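Written out below as structure tokens is the structure these notes cover.
The values are calculated or read from the model by the stated rules, or taken from the named source; none is laboratory data. These numbers come from a predicted model, not from an experiment. Don't worry about glycine lacking a Cβ; one is built from the backbone with ideal geometry, like all the others, and counts go over all protein chains shown. These accessible areas exclude ligands, DNA and RNA; they are computed on the full protein's heavy atoms, side chains included. Shrake-Rupley method; radii C 1.70, N 1.55, O 1.52, S 1.80 Å.
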Amino acid sequence: MSRIITFIGKAGTGQTTIAIATAKWFSQQGKEVLFVTHNPSPNAEILLKTPLTHIPQVVAPNLQALQLQATTMLDQTWEEVKQLLSLYIPIPDSEEIYSGELILLPGFDSLLYFNAMRQYYQSGDYEVIVYDSRGDLETLRMLGIPGMLDWYFQRFGKMFEGFSLHKIADSIGGPIASAIVSANVDAAKVQQGLEQIRSWIAEGTAVVGDPRKLTSYLVTHNEPGAIAETRWLWGSAQQINLVANGVLAYQYQESEDISDLQQVFAPLSVTPIPALKEDNWNPLLQALPDFNDNHQAPLPLKIDLESRQLFVFLPGFTKKQVKLTQHGNELTVEAGEQRRNIFLPPDLQKLAIQSGKFEEPYLIVTFEEKQEQGKVIQF
């Protein structure tokens, strides 16, 4: 089974250096490793001493590396999109649109990055994929794409069931109806395409929610701003169901006291990592934790049906930064500039929120017999 390892933390804390060290660590164990970066800076190329392109290339035994390039991926994806659209909508030759003309819309590069990671993961060519991302909120939102799409499909998927353009055309009538019918959209193919998308979403949510398939580590150094932002990102990661397995404290020496970091990031283990000096990677490789060890990190969500309680793990936040709302069979938790919709199990769907309290680092929700809906809890 393939696995992805990525890193979360404030920019400038050594994420790329640690990512490369991690890739070297696995390759020296005989694993087939792919190092992936999309950072536009040349830092990875300098550290690897190899110019990177969008094509995987060997940089060491058992280790390949590439740099994701949004414009190149857009060219490749556009051909796939055109083939998909041609199944449903005839595209006149006179209206040909070339990939070289396309302009990247804001946020679309995240979809391209996610799709590329999905393809490399599903290829089965690599045992470990080390993903050197920006490690910020944008990265978390990218990794949360499957969960977000899953919610939209669950809420709006029924609209596409029994899809019939002819029925729509009959109800509209006139020239618009003629245009709809002449489009010659095959409803069966539309449903087939939607099922394929649902399959991709299910695969994505299974990866993000399983720490054996997607492992994340927090990266920080001994600077108050870096520690605070990394802790905030740790809490934000819980909103996409991403488990953090540990903390890597870069530019620390073994002799330095890390007790303060251990207290701030409890119950995660904190591993001090020395700075890279004169291209000597051995001290870093020896200091890295055992990535094969399945650390017992707190789960983002825990439900206790017996006590009618739900526990949401939200480290790095205060009660003023958390908002909880119940809408029907769902809970919406707002924190870290993100919303997470939680579908309640059947035993709790009949109930309403009795109380919601924030006892750092947990949001604890207790249920009672339902009386009202759309209830907002202020902490």
**Asked** Among the residues of the range 113-156, which ones are buried (at least 21 other Cβ atoms within 10 Å of the Cβ) and more than 30 Å from N329 (Cα to Cα)?
**Response** Y113, A116, M117, Y121, Y126, V128, I129, V130, Y131, D132, S133, G135
**Item:** L218 open to solvent by less than 30 Å² (accessible area, probe 1.4 Å), assigned by the TED database to the domain that holds L137, in a helix (DSSP H, G or I) and touching a helix residue (DSSP H, G or I) at 6+ places or on another chain (Cβ under 8 Å)
**Value:** no
**Item:** Residue satisfying all of: in the range 238-269; in contact with a strand residue (DSSP E or B) (Cβ under 6 Å, 6 or more places away or on another chain) and of a type in the set (A, V, I, L, M); farthest from G147 (Cα to Cα) among these
**Value:** I258
**Request:** Could you tell me which numbered condition L284 fails, if it satisfies all but one of (1) crowded, with 16+ Cβ neighbours inside 10 Å; (2) within 29 Å of the chain's Cα centre (by Cα); (3) closer than 26 Å to G209 by Cβ; (4) of a type outside the set (G, A, S)?
**Result:** (3)
**Item:** Subset tally (residues that are part of a strand (DSSP E or B) and out of contact with any helix residue (DSSP H, G or I) (no Cβ under 6 Å at 6 or more places or on another chain)) for the range 293-334
**Value:** 18
**Request:** Can you work out which of the residues in the range 342-353 that are over 14 Å from F311 (Cα atoms) and not aliphatic (A, V, I, L, M) is most open to solvent (accessible area, probe 1.4 Å)?
**Result:** K350
**Complete:** Scanning the range 233-263 residue by residue, those in a helix (DSSP H, G or I) and either open to solvent by less than 10 Å² (accessible area, probe 1.4 Å) or at pLDDT 95 or above (or both) turn out to be L233, W234, G235, S236, A237, Q238, L261
**Prompt:** Just wondering, is there one or more residues in the range 300-312 that are among the aromatic types (F, W, Y), surrounded by 15 or more Cβ atoms within 10 Å (Cβ to Cβ) and touching a Phe, Trp or Tyr at 6+ places or on another chain (Cβ under 8 Å)?
**Reply:** yes
**Item:** Conditions (1) touching a His at 6+ places or on another chain (Cβ under 9 Å); (2) assigned by the TED database to the domain that holds P346; number of the one not met by Y250
**Value:** (2)
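Pull up the range 17-47, narrow it to residues that are open to solvent by 20 Å² or more (accessible area, probe 1.4 Å) and in a helix (DSSP H, G or I), then point me to the one that is modelled with the lowest pLDDT. Before you say what the answer is, go through the steps one by one.
Taking the range 17-47 and keeping what is open to solvent by 20 Å² or more (accessible area, probe 1.4 Å), we get 24-25, 28-32, 39-43, 45-47.
Of the ones still in play, those that are also in a helix (DSSP H, G or I) are 24-25, 43, 45-47.
Numbers: K24: 98, W25: 98, N43: 91, E45: 94, I46: 94, L47: 95.
Per the stated criteria, the residue is N43.
If you go through the range 129-154 one residue at a time, how many are of a type in the set (K, R) and not in a loop (DSSP other than H, G, I, E, B)?
Filtering the range 129-154 for residues of a type in the set (K, R) gives 134, 141.
Still in the list and also not in a loop (DSSP other than H, G, I, E, B): 141.
So the answer is 1.
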